[in-house]
Structure formats: structure tokens, C-alpha cells
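I have placed the structure first, in the form of C-alpha cells, so that the comments after it can refer back to it.
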Amino acid sequence: MLEKLTKWKSSFSSQEGTNEIDDINVPRHIAIIMDGNGRWAKQKGLPRIAGHREGMKVINKVVRKADDLGVEILTLYAFSTENWKRPKTEVDFLMKLPERFLNKELPMLMEKNVKVRLMGTIENLPEHTKRAVTKAVKDTEQNTGLILNFALNYGSRFELMEAVKKIANQIESGSLSAEDITESVLKENLMTAELRDPDLLIRTSGEIRLSNFMLWQVAYSEFWFTDVLWPDFDEHHLVEAIAVYQKRVRRYGGV
Ligand code: V07
């Protein structure tokens, strides 16, 4: 069998040595909980928003690397339905980040043929945020490369509740009967209807929980957790996560 290997030295790796990833078993959908921005700022004596700003810069690196490796879908948890509980000044700042990100990165996304899509409820967002994200989705609609899926004002329980409501409406209107509810009916009513489930879920900043993120979709995903704070995350960490993923899927394959 022909296996192309990419090798390089890594001094940061917990395993110390070369990180090898093979081009064949690259996870097709990677989802990331980008945690630790506030903590990063606090450790540096900076306001939390400085952490968010720094965290935004990381996305460019991760998108480029994921694209280079042939990842098909990259889902990023940008804002949860619970994040509204944060101080208003912080929420206001966060709501400016989609515009800031897109003003800077949309040319790169177009050049890389990246398709931006959203998951979450955009209705409740400030008008300026809504305008920026719907424009990005529209501008990149015809792109056929990496799907960059932003979870924005997203919560998995809300998503599941909405799916149940949609299904209930179909039953009420007579277009579906209760006996015909299958896993695929549920899947088709989720905000990820057109996407495959994540193969790999990454969470930064040392927290080992899902925090209401893609509860249905990660049923069979591999999880990779790291203590690295999101603003310190880079393409080498992404490669490390993929290398661990590949070791795990190869092990299953061997049995
Ligand atoms: C946000 C920066 C990354 C670290 C995590 C929290 C802060 C990019 C976006 C974004 C969202 C939608 C979109 C384009 C870009 C974003 C929020 C926060 C609310 F279409 N980063 N980022 N949105 N952070």
C-alpha cells in the first residue's frame, strides 16, 4: 500500500519527536471548542476582550492548515446560547468579531475557495453582525472547497428542541406519522442537516466537557482535549490532534 507521510520535528509535542500524519486518514470534519481566551488574557493582566481578539487571529492559521490537509468541514464554536449571560460590554465586543474577522479574512477565504456557513440562531443577533455574516455566506455560496461552519448563537439543546418542534409540526399537518420518525428524520431537522458528523472534536483550555455543543452529532466522534489556551493554539497543535486521531482509528481498524 502506498502511504504518503508528512513528517516534521515538534518540540512542543507531549510525545517529543516527529508528528506524522498520513494523507489518507485525515478527519473529514473537525469541530473545535475554542476555549481559554479569557484565561489567556487574565494570565497576561489584560482585559478579557484582548483574549478574544487574539483568539480570532488563530482562526486564519487553523483554516489554512485544515485546508492544506484536505479537511472538508471545519466547525468552530464562536458563541453559545449561554454566552449572553456575560457582561454586556463583553457581549457587545464579541458581536463585533464576525465583522472584524470577515473584513480581514474574506479575501483569503475567497482565494482558498472556502465556503462559510452558519449554525445557530442569527435572528437575535445585532443588525450589524447579522448583515456581516449573511453577506459572507452569500459571497462564498458558490465556493466548493473547505466548509467553514461557524456555530454562532448555537446551543445543542435548543437545536434538538427546534428539531422536535419541526417534526411535531409535520405530524400535526399530516405530512409525517409518528411511526416514521427515524434517526435520519431527526438528523434532517438539525442545523447540520447537510453536514456529516464530526470525526474529531477538539477542545482547548483543559476543560473536559461538551458544554452543549453538538450533542447528537458527536455520538461517535474522537475527542482530543488539550491544556493549551485557544490564543496559543496553532497549526502544530492541529497536526498533533490529527496524529492522535489517526493512531486511534488505525487501532480500531486493526481489530
Ligand atoms: C469570535 C474569536 C475566536 C475565539 C472564540 C471567541 C471569540 C470569529 C468569529 C466569526 C463568526 C461568524 C462568522 C465569521 C467569524 C467570531 C464571535 C467570536 C462571536 F461568520 N471569531 N469569533 N464570532 N471569537
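The values are calculated or read from the model by the stated rules, or taken from the named source; none is laboratory data. What you are looking at is a predicted structure, and each value in this text was computed from that prediction instead of being measured. Note that we place each Cβ from the backbone using ideal geometry, even for glycine, and neighbour counts take in every protein chain shown. To get the accessible areas, we keep the full protein, side chains included, count just its heavy atoms, and leave off ligands, DNA and RNA. Shrake-Rupley method; radii C 1.70, N 1.55, O 1.52, S 1.80 Å.
Leaving ligands, DNA and RNA out of it, work out the accessible area of Val164 with a 1.4 Å probe and give it in Å² to the nearest 10.
90 Å²
Greater than 31 Å separation of Cα atoms is the criterion. Which listed pairs, Lys42/Lys165; Lys130/Lys166; Lys138/Lys247; Lys44/Lys115, meet it?
Numbers: Lys42/Lys165 41 Å; Lys130/Lys166 24 Å; Lys138/Lys247 38 Å; Lys44/Lys115 35 Å.
Over 31 Å Cα-Cα: Lys42/Lys165; Lys138/Lys247; Lys44/Lys115.
With labels modelled as points extended 7 Å from the Cα through the Cβ direction, what inter-label distance (nm, one decimal) is found for Lys85 paired with Glu141?
Taking the simple label geometry, Lys85 and Glu141 are separated by 3.8 nm.
How large is the Rg to Rh ratio of region 98-152 when both quantities use alpha carbon positions and Rh follows Kirkwood?
Ratio value, two decimals: 0.95.
List, in order, the whole-Hz ³J(HN,Hα) value for each residue of region 201-217 obtained from phi through the Karplus relation with A = 6.51, B = -1.76, C = 1.60 and θ = phi - 60°; use x for Gly and Pro.
Once rounded to whole Hz, the list reads 10, 10, 10, 8, 6, x, 7, 10, 8, 8, 6, 6, 10, 6, 4, 5, 6.
Please report, in cubic angstrom per residue, the volume enclosed by the convex hull of the alpha-carbon atoms of region 148-198.
88 Å³
Per the 1.4 Å probe, what fraction of the accessible area of the chain, in percent, lies on carbon and sulfur atoms?
Here carbon and sulfur together make up 52 percent of the probe-accessible area.
Distance between the C-alpha centers of region 198-216 and region 105-168? Whole Å please.
Taking the Cα centre of region 105-168 as reference, the centre of region 198-216 is 19 Å away.
Quick one: compute the contact order of region 33-86, relative version, from alpha carbon pairs under 8 angstrom and 6+ residues apart, as a percent.
34 percent.
Placing +1 on the Cβ of each Lys and Arg and -1 on the Cβ of each Asp and Glu in region 118-187, which of Leu148, Gln170, Ala132 has its Cα farthest towards the positive end of the resulting dipole?
Of Leu148, Gln170, Ala132, it is Ala132.
If eta is 1.567 mPa s and T is 4 °C, what Stokes-Einstein diffusion coefficient results for region 49-206, Kirkwood Rh from Cα pairs, in µm²/s?
Answer from the Stokes-Einstein relation: 75 µm²/s.
State, as an integer percentage, the relative contact order of the chain based on alpha-carbon contacts under 8 Å between residues 6 or more apart.
Relative CO of the chain lands at 26 percent.
If you take all C-alpha pairs in region 35-91, what percent of them are over 14 Å apart?
That fraction is 63 percent.
If r is the Cβ-Cβ distance from Glu123 to Leu210 and R0 is 22 Å, what FRET efficiency results, to the nearest 0.05?
Working from the Cβ atoms, E equals 0.35.
Kirkwood Rh over Cα pairs of region 125-229 into Stokes-Einstein at 37 °C, 0.692 mPa s: D in µm²/s? Don't skip to the answer; put the middle values down first.
Details: Rh = 16.3 Å.
My calculation gives 201 µm²/s for D.
Under a 1.4 angstrom probe, counting protein chains only, how are Glu235, Glu240 ranked by accessible area, largest first?
Numbers: Glu235 60, Glu240 15 Å².
The residues order as Glu235, Glu240, largest area first.
Go ahead and estimate [θ] at 222 nm for the chain from helices alone: -39,500 (n - 2.57) per DSSP H run with n ≥ 4, summed, over the residue count, rounded to 500.
Calculated from helices alone, the mean residue ellipticity at 222 nm is -13500 deg cm²/dmol.
Average the reciprocal distances over every distinct pair of alpha-carbons in region 68-131, invert the result, and give the Kirkwood radius in Å.
In region 68-131 this quantity evaluates to 13.5 Å.
Given R₀ = 41 Å, what would the calculated FRET efficiency be for Thr182 paired with Arg248, taking r from the Cβ atoms and rounding to 0.05? Walk me through the numbers before you get to the answer.
Working: r = 29 Å, r/R0 = 0.71.
After rounding to 0.05, the efficiency reads 0.90.
Would you kindly find the accessible area of Lys138, with a 1.4 Å probe and non-protein molecules such as ligands, DNA and RNA excluded, rounding to the nearest 10 Å²?
Ignoring ligands and nucleic acids, Lys138 comes out at about 150 Å².
Roughly what % antiparallel, to the nearest 5, for the DSSP beta bridges in the chain?
Within the chain, antiparallel bridges account for around 20 percent of the total.
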